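Following: one structure in structure tokens, then a few remarks.
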Amino acid sequence: MAGSIFLSKELRLPVSTQQFGYLVERIRTAFDADAQACLREIYSPMDDGGMNFISAENEGEAGFEAFFRAIVRANSAAASEGNYEAFAQLWADLLAKARLDPRFSSEWESSKAA
């Protein structure tokens, strides 16, 4: 069984089961404390519905920003792990797709994301 990370209806990252577990658990722990409502909504399909996907599709700009920042922090933290090279392209693909979303702002990159 594979999984997916839905950024929007048009943008998604389909991944293997192993990749899905790797990404979503690292991203989950990287959300800011004040963004827990966004985390619950994004992770609801998986946590509440038992589905193999998470979705930021219904998030407004603030929720999407919280999700993007969590991805950036999770990627930075994962970079110190011994197995990071095996997942580096996956992180790059997810970040590239997130940057294509109309809700994305390049200002998020120039300000401190961590």
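Among the residues that make up the range 19-27, is at least one of them within 22 Å of Phe104 (Cβ to Cβ), outside any helix (DSSP H, G or I) and of a type in the set (D, E, K, R)? No: the range 19-27 contains no residue that is within 22 Å of Phe104 (Cβ to Cβ), outside any helix (DSSP H, G or I) and of a type in the set (D, E, K, R).
Kindly establish whether Glu59 is in contact with a helix residue (DSSP H, G or I) (Cβ under 9 Å, 6 or more places away or on another chain), more than 19 Å from Leu7 (Cα to Cα) and not in a helix (DSSP H, G or I). In short, no.
Restricting Gly60, Gly82 to residues that are surrounded by fewer than 12 Cβ atoms within 10 Å (Cβ to Cβ) and either touching a Gly at 6+ places or on another chain (Cβ under 8 Å) or in contact (Cβ under 8 Å) with a residue 24 or more places away in the chain (or both) narrows the list to Gly60.
Within the range 1-30, the set of residues being touching a residue at least 24 places away in the same chain (Cβ under 8 Å) and either touching a Lys or Arg at 6+ places or on another chain (Cβ under 8 Å) or of a type in the set (S, T, N, Q) (or both) comprises Ser4, Ile5, Phe6, Leu7, Ser8, Leu11, Arg12, Leu13, Thr17, Gln19, Thr29, Ala30.
Which count do you get for residues in the range 1-39 that are of a type in the set (Lys, Arg) and modelled with pLDDT under 95? Working first, answer last.
Step one: list which residues in the range 1-39 are of a type in the set (Lys, Arg), which gives 9, 12, 26, 28.
Applying the additional criterion that residues be modelled with pLDDT under 95 yields 9.
Number satisfying all stated conditions: 1.
Among the conditions (1) surrounded by 12 or more Cβ atoms within 10 Å (Cβ to Cβ); (2) over 13 Å from the mean Cα position of the chain (by Cα), the only one that Thr17 does not satisfy is (1).
The values are calculated or read from the model by the stated rules, or taken from the named source; none is laboratory data. Quick caveat: nothing in here was measured; it's all calculated off a predicted structure. All Cβ positions, even for glycine, are placed from backbone atoms using ideal geometry, and neighbour counts span all protein chains on display.
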